[in-house]
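Engineer: For reference, the structure I am asking about is given below.
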Amino acid sequence: MTIGFSSRAVRSTCMLCAAGLLTLVPATAAAGAVRPDPAPPGGAAAAAAGASPLYRSGTQVRPHPAAPRVPDVSALSWVVADAGTGDVLAAHDAHRELPPASTLKTLFALTVLPALPGGIRHEVDPEDLSGIGPGSSLVGVVEGQTYRVSDLWNGVFLNSGNDAVHVLASLTGGWSATAARMQAEARALGARDTHVRSPDGYDAPGQVSSAYDLAVFGREGLRRPDFARYCGKVDAMFPGRDGSSYGIMNTNRLLTGADGVEAYPGLIGVKNGYTSNAGNTLIAAARRDGRTLVVTVMNPQEGGGHAVYEEARALLDWGFEAAGEVDPVGSLVPEGDRAPHGPQAVPSAVSAAKPAEDTPGWPETGAILGVAGLGAGVMALALRLKLVRDDGS
């Protein structure tokens, strides 16, 4: 069984649900929707105080005598970290604020995935697709057609479809509300360099992130089974017109091995991006011998469009080879969340049991219904929902 929603009922109900969700975040996070982002506690002041090596310019690494040499890469900023412990093994200008392009969709997914069960069906209307930037990457969402939420997430993760992002954002309160919730989520994760203006990662004035923050998002995503499942998927079928479907493939060439880029052994995701302003950006995670690394690469200056993959490959190789031969230069784990004797190891969601692709998502449904209970108006709208049998299409 799945929950069948009319387009108007979904829009009204989910907008109220999103308002309820905002009441559950800290007051300081909700205030971010109406006040400028607080200044990140870093930059020149943190560097001058020696607060963390990660705030210093240049490459930061603490090698043992037998440690391999850090590869020479051209990216403006990069990070190599252990996804389990959160230890940052090496970094270059980790907190430099740069446009993230579609790697920002990882933060979008962290924010919105918990609110939208994959089995929900939604008929797209013109308002859902309004405001998509010219030249955006698209998966082919068509107004008037009904999609499962799981199909739309495939479009986000594999095809980097800004059209799919717009529809999902419309189901959770709209574009501005989603940006505000993403900003709150970033702060909750300790990502202080990220300033969200366009949830799909499309270039917008003032929209920036950092290699450090993107590594935080990638690590957190791997801890969540639904995120890990989507970000590691190579291909999928996407609904077309009149009951047809067509194949889509992940644009992360380090995962797929497409276009002359050799696939990286053990790669498990996460997300690539490109705009003319941001250049090529990438969050990549790989698992080897029970250890998972997450690498972020932002805007390589040499080597063409595939350099982001080759530089990530070199950094992953170095990270696996350097196991036990370097001391951490920082952590992706917020200080208050660290165990008393060092960063707390966390299991990778990739190794956990994967839920079925198109299940209705009852745990998440329960969360939505709980939020809906916050308002009598939502409860009234909920009465309009109809339970229909899933025909598997």
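The values are calculated or read from the model by the stated rules, or taken from the named source; none is laboratory data. Keep in mind it's a predicted model, so treat the numbers as computed, not measured. Here Cβ is always computed from backbone atoms with ideal geometry, including for glycine, and neighbour counts include all displayed protein chains. Note: accessible area is taken over every heavy atom of the protein model, side chains too, but ligands, DNA and RNA are not part of it. Shrake-Rupley method; radii C 1.70, N 1.55, O 1.52, S 1.80 Å.
Engineer: Give the residues of the range 224-240 that are in a loop (DSSP other than H, G, I, E, B) and within 14 Å of Ile283 (Cβ to Cβ), sorted by residue number.
Structural biologist: Result: Gly232, single match.
Engineer: Looking at (1) among the aliphatic types (A, V, I, L, M); (2) open to solvent by 30 Å² or more (accessible area, probe 1.4 Å); (3) farther than 16 Å from Ala307 by Cα; (4) not in a strand (DSSP E or B), which is the one condition that is false for Leu214?
Structural biologist: Of everything listed in (1) among the aliphatic types (A, V, I, L, M); (2) open to solvent by 30 Å² or more (accessible area, probe 1.4 Å); (3) farther than 16 Å from Ala307 by Cα; (4) not in a strand (DSSP E or B), Leu214 misses just condition (2).
Engineer: Which one of these is on the phi > 0 side of the Ramachandran plot and touching a residue at least 12 places away in the same chain (Cβ under 8 Å): Gly266, Gly247, Gly206?
Structural biologist: Criteria check complete, one pass: Gly266.
Engineer: Can you tell me which residue within the range 263-284, out of those that are of a type in the set (Ser, Thr, Tyr) and assigned to a loop (DSSP other than H, G, I, E, B), is most open to solvent (accessible area, probe 1.4 Å)?
Structural biologist: Per the stated criteria, the residue is Ser276.
Engineer: Tell me, yes or no, whether the range 185-196 has at least one residue that is assigned to a loop (DSSP other than H, G, I, E, B), acidic (Asp, Glu) and open to solvent by less than 30 Å² (accessible area, probe 1.4 Å).
Structural biologist: Looking through the range 185-196, at least one residue is assigned to a loop (DSSP other than H, G, I, E, B), acidic (Asp, Glu) and open to solvent by less than 30 Å² (accessible area, probe 1.4 Å).
Engineer: Looking at Ser176, Ser137 in this structure, which one is more than 24 Å from Glu335 (Cα to Cα), in a helix (DSSP H, G or I) and either touching a Cys at 6+ places or on another chain (Cβ under 6 Å) or open to solvent by 20 Å² or more (accessible area, probe 1.4 Å) (or both)?
Structural biologist: Ser176
Quick grid of which residues meet (1) open to solvent by less than 10 Å² (accessible area, probe 1.4 Å); (2) modelled with pLDDT of 95 or more; (3) assigned to a helix (DSSP H, G or I):
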| site | (1), (2), (3) |
| --- | --- |
| His122 | yes, yes, no |
| Ile132 | no, yes, no |
| Val142 | no, yes, no |
| Asp151 | no, yes, yes |
| Val156 | yes, yes, yes |
| Asn159 | no, yes, no |
| Val165 | yes, yes, yes |
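Engineer: Within the set of pairs 6+ apart or on separate chains, which have a first residue in the range 212-225 that is farther than 29 Å from Ser57 by Cβ, a second that is open to solvent by less than 30 Å² (accessible area, probe 1.4 Å) and modelled with pLDDT of 95 or more, and C-beta atoms under 9 Å apart?
Structural biologist: Pairs found: Arg223/Ala83; Arg224/Ala109; Arg224/Leu110; Arg224/Leu113.
Engineer: Conditions: (1) surrounded by fewer than 22 Cβ atoms within 10 Å (Cβ to Cβ); (2) of a type in the set (A, V, I, L, M); (3) more than 13 Å from the chain's Cα centre (by Cα). Leu171 meets all but one. Number of the miss?
Structural biologist: It fails just one condition, (1).
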